[in-house]
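Enquirer: Have a look at this one before I ask anything.
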Amino acid sequence: MSEILLDFNNVTMQFGGVTALSEVTLQISRGEILGLIGPNGAGKTTCFNVMTGVYAPTIGSVTFNGQSLAGLKRFEITKAGIARTFQNIRLFSEMTAVENVMVGADARKKSSVGGAILRTPRQRREENESRERSMELLKFMGIADRAHNAARNLPYGYQRRLEIARALATEPQLLCLDEPAAGFNPAEKQELNELILKIRAQGYTVLLIEHDMNVVMKVSDRVAVLDFGKKIADGLPDQVRSNPDVIAAYLGVDDNAS
Ligand SMILES: Nc1ncnc2c1ncn2[C@@H]1O[C@H](COP(=O)(O)OP(=O)(O)OP(=O)(O)O)[C@@H](O)[C@H]1O
Ligand SMILES: [Mg+2]
C-alpha cells in the first residue's frame, strides 16, 4: 500500500454564486507525479489555492501527512511541507535569481536572513548556508549561469525554472506546479519533463497542473481530470486518455492542438 501524502476530501469551494469545486475527492501518494488536467475554469488552480491555505473550503477538508490543514496560515502550510508555483510568474523582479531562491529558503529559518541589518554570527552562518543551498538549486534547475542577474532580466524559461527553484528551497514534501510549461516550445517542454522526473527522483512528490496533454501524459504516473469543478476521471494516463467523459470534456477539443 502506498502512503497517502495529501488527502483532499469531498471539497466544495464556492465564490458567491460560482461553484469552483464541487465535492472533489483526490488523494496523492508519496513519491508519485499526479497530473491534474481540465479545461479553462475547471477548478485546477482553485485546488492549489485550497491546499495552500489561500482559501478555506466551503465544505470538506484537506489532510496532509495525516494532519488537518484547517485553519493553518499560508506560511504554516509551507512549513508543513507544501510548496507551489504560480500560473502567472511571481518573482521579486528587482532581486537577483539567487536572492529569490534565498527568500524561499528563508521560509524555514529561525532568524530572517532577508530582514537582518545587524547580523549575528548565527545569522551570517545561516545566510552563507542559504546562499550555497540556493546556488545548488539553481544548478539543479540548470540556470546557475544567471544567478546574479535581476529576475526581471532573465529569459522567460529561466523565470519559470527559477520559480520552481524557489519552491524547492522551502524543502517541501509536495511540490505543486501550476502550468509550469505555459508558453514553452516543444523542446522546452521536453526539458521541463526531464526536470520534473529529476525532481521526483530526489524524493519529492509532484502535483502538476498542465494544459498540454503530451506533457502531462508522458510525465505523470496518474492523471486526474476536473470539469466544471467536478472530478470526472482519475487513473493511469492511458485509461484517462481513452475515457469517453474526458474525451468529451477536454481531449476532443485539444487533441490536435499540440
Ligand atoms: N477568488 C475567486 N473569486 C471568484 N471566482 C473565482 C475565484 N477563483 C476562482 N474563481 C472561479 O472558479 C472557477 C475555477 O477557476 P480556476 O482558476 O480554479 O480554474 P482553472 O482550472 O485553474 O482554469 P485555467 O485553466 O484557466 O487556469 C472559475 O469559474 C473562476 O472564475
Ligand atoms: Mg488555473
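Enquirer: Say whether the condition of being among the charged types (D, E, K, R) and closer than 19 Å to Leu168 by Cβ is met by at least one residue in region 57-73.
Expert: Going through region 57-73, the residues among the charged types (D, E, K, R) turn out to be 73.
Within this subset, residues satisfying the condition of being closer than 19 Å to Leu168 by Cβ are none.
There is no residue in region 57-73 that is among the charged types (D, E, K, R) and closer than 19 Å to Leu168 by Cβ.
Enquirer: Could you pull out the residue among Ala70, Ala116, Ala83 that is at pLDDT 90 or above and assigned to a loop (DSSP other than H, G, I, E, B)?
Expert: Ala70
Enquirer: Name every residue in region 51-71 that is of a type in the set (A, V, I, L, M) and surrounded by 19 or more Cβ atoms within 10 Å (Cβ to Cβ), in order of residue number.
Expert: Met51, Val62, Leu69
Enquirer: If you don't mind, another one. Is there any pair with a first residue in region 170-194 that is in the same structural domain as Glu32 (by TED's automatic domain parsing) and a second that is within 16 Å of ligand 1 (Cβ to nearest atom) and basic (Lys, Arg) whose Cβ atoms are under 7 Å apart and which are 6 or more apart or on different chains, and what are they?
Expert: What qualifies is Cys176/Arg84; Asp178/Arg84; Pro180/Arg160.
Enquirer: Residues that are farther than 19 Å from Met213 by Cα and away from ligand 1 (no atom under 11 Å from the Cβ): list the strands (runs of 3 or more DSSP E) wholly contained in region 1-51 that include at least 1 such residues.
Expert: The strands (runs of 3 or more DSSP E) meeting that bar are 4-15, 18-29.
Enquirer: State yes or no: is Arg84 within 16 Å of ligand 2 (Cβ to nearest atom), closer than 27 Å to Glu129 by Cα, surrounded by fewer than 20 Cβ atoms within 10 Å (Cβ to Cβ) and basic (Lys, Arg)?
Expert: no
Enquirer: Right, next: Taking the condition of being out of contact with any helix residue (DSSP H, G or I) (no Cβ under 7 Å at 6 or more places or on another chain) and away from ligand 2 (no atom under 16 Å from the Cβ), how many residues in region 207-229 meet it?
Expert: Residues flagged as out of contact with any helix residue (DSSP H, G or I) (no Cβ under 7 Å at 6 or more places or on another chain) and away from ligand 2 (no atom under 16 Å from the Cβ) within region 207-229 amount to 3.
Enquirer: Give the residues of region 196-213 that are modelled with pLDDT under 95 and assigned to a helix (DSSP H, G or I), sorted by residue number.
Expert: Selection gives Met213 alone.
Enquirer: Okay, moving on. Being more than 24 Å from Asp106 (Cα to Cα), modelled with pLDDT of 95 or more, hydroxyl-bearing (Ser, Thr, Tyr) and crowded, with 17+ Cβ neighbours inside 10 Å narrows it down to one residue among Ser134, Ser220; which is it?
Expert: That would be Ser220, the only listed residue that is more than 24 Å from Asp106 (Cα to Cα), modelled with pLDDT of 95 or more, hydroxyl-bearing (Ser, Thr, Tyr) and crowded, with 17+ Cβ neighbours inside 10 Å.
The values are calculated or read from the model by the stated rules, or taken from the named source; none is laboratory data. Keep in mind that what you see is a predicted model, and the values were worked out from it rather than measured. Every residue, glycine among them, receives a Cβ derived from its backbone with ideal geometry; neighbour counts consider all protein chains shown.
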